[in-house]
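Remarks on the structure that follows.
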Amino acid sequence: MNYSLKPITSAREIRLGDADAGRPEDVPRGDELDEAIRHERKRLKKLQSVLYADGRYAVLVVLQGRDASGKDGTVRKVFRSVNPMGCEVTSFKAPTDIELEHDFLWRIHQRVPRRRLIGIFNRSHYEDVIVPRVRKLVPRKVWSARYDQINEFEKMLCVNAVVILKFFLHVSRDEQKKRLKERLEDRKKNWKFRAGDLDDRALWTEYTAAYREAIAKCSTKWAPWYIVPADDEDARDLLVSRTIADVLDDLDLGYPALNAELEGLKIE
Ligand code: ADP
């Protein structure tokens, strides 16, 4: 497959139109796609095992996207083969009263993975430059100062061996409509439907502007953003898993050798 996600390096590369959410041309289809996903899952499984043993890095995967963009499905499917002991998933909901009395990064920092682990953020500190802006919960001065604060925070994590990858799951209006309808109609999905999802859908353009600015201001060398065309779930899983596996591969991870004093030890 030729297609791989590229980190966003300039605002010009941020395309969030409906057509940009579709399955990219050169992502394979059918059996070939299934095989490619299986291949990436196997790679991730091996790489996670050596990440744990190597012990030098933590990996933080941030997932953002509109309602029904597939964040939960991505967690479930991309990390299916990985040892659960090596992963921590945190889903960030609307902040509690106590969380609101702290700085916005307080609850985030506590959930940053330690070395050896892959931490997955299902929503994240990026909500704090999206929701309060669109819903006018705090003054512009407050949310607009957060881009720099996020960049500094992520830089500090990077210097402390946290490898950060951020994925924006980009769905089109039609696909979101289809998925929200399913949540209303399918008994097993009813629980996922929130009336607020429709209010957010009505603010589509405002959310797009907020995501665009967050990605433009906070895609850095030390914590890049990737935009994932997410209308097709299988293509999405392939692209996300492949990107994570490629980044892990580049870390040159290895299994540590036996301590010198243990060499030659005999077990009776
Ligand atoms: P999800 O949609 O993630 O499965 P919920 O339906 O409980 O889970 O939605 C979580 C809600 O919390 C979303 O509407 C999201 O925008 C909101 N949220 C998360 N973090 C924040 C934040 N920092 N500020 C305001 N709202 C937030």
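Derivation of every value follows stated rules applied to the coordinates shown; laboratory data play no part. A quick note: this is a predicted structure, and the numbers were derived from the prediction, not measured. Methodologically, a virtual Cβ is constructed for each residue, glycine included, from the backbone with ideal geometry; neighbour enumeration extends over all protein chains shown.
Does LYS177 fit the bill of being more than 20 Å from the chain's Cα centre (by Cα) and loosely packed, with under 13 Cβ neighbours inside 10 Å? Here the answer is no, as LYS177 does not meet what is asked.
Can LEU63 be described as buried (at least 17 other Cβ atoms within 10 Å of the Cβ) and more than 13 Å from the ligand (Cβ to nearest atom)? Walk me through it before giving the result.
Details: buried (at least 17 other Cβ atoms within 10 Å of the Cβ): yes; more than 13 Å from the ligand (Cβ to nearest atom): no.
Spelling it out, it is not the case that LEU63 is buried (at least 17 other Cβ atoms within 10 Å of the Cβ) and more than 13 Å from the ligand (Cβ to nearest atom).
Only residues that are within 16 Å of the ligand (Cβ to nearest atom) and either over 20 Å from the mean Cα position of the chain (by Cα) or outside any helix (DSSP H, G or I) (or both) were counted across the stretch 117-166, and they come to 20. When the residues of the stretch 78-111 are filtered to those that are within 16 Å of the ligand (Cβ to nearest atom) and in contact with a strand residue (DSSP E or B) (Cβ under 6 Å, 6 or more places away or on another chain), the one that is nearest to LEU51 (Cα to Cα) is VAL89. Scanning the stretch 186-198 finds one or more residues that are within 21 Å of the chain's Cα centre (by Cα) and within 11 Å of the ligand (Cβ to nearest atom). In the set (1) without any contact (Cβ under 8 Å) to a residue 60 or more places away in the chain; (2) within 17 Å of PHE168 (Cβ to Cβ); (3) assigned to a loop (DSSP other than H, G, I, E, B), LEU5 fails one condition alone, (1).
Can you pull out the residues in the stretch 45-60 that are buried (at least 23 other Cβ atoms within 10 Å of the Cβ) and assigned to a helix (DSSP H, G or I)?
Initially, the stretch 45-60 is screened for residues buried (at least 23 other Cβ atoms within 10 Å of the Cβ), giving 48, 51, 59-60.
Of everything in the stretch 45-60, those that are buried (at least 23 other Cβ atoms within 10 Å of the Cβ) and assigned to a helix (DSSP H, G or I) turn out to be GLN48, LEU51.
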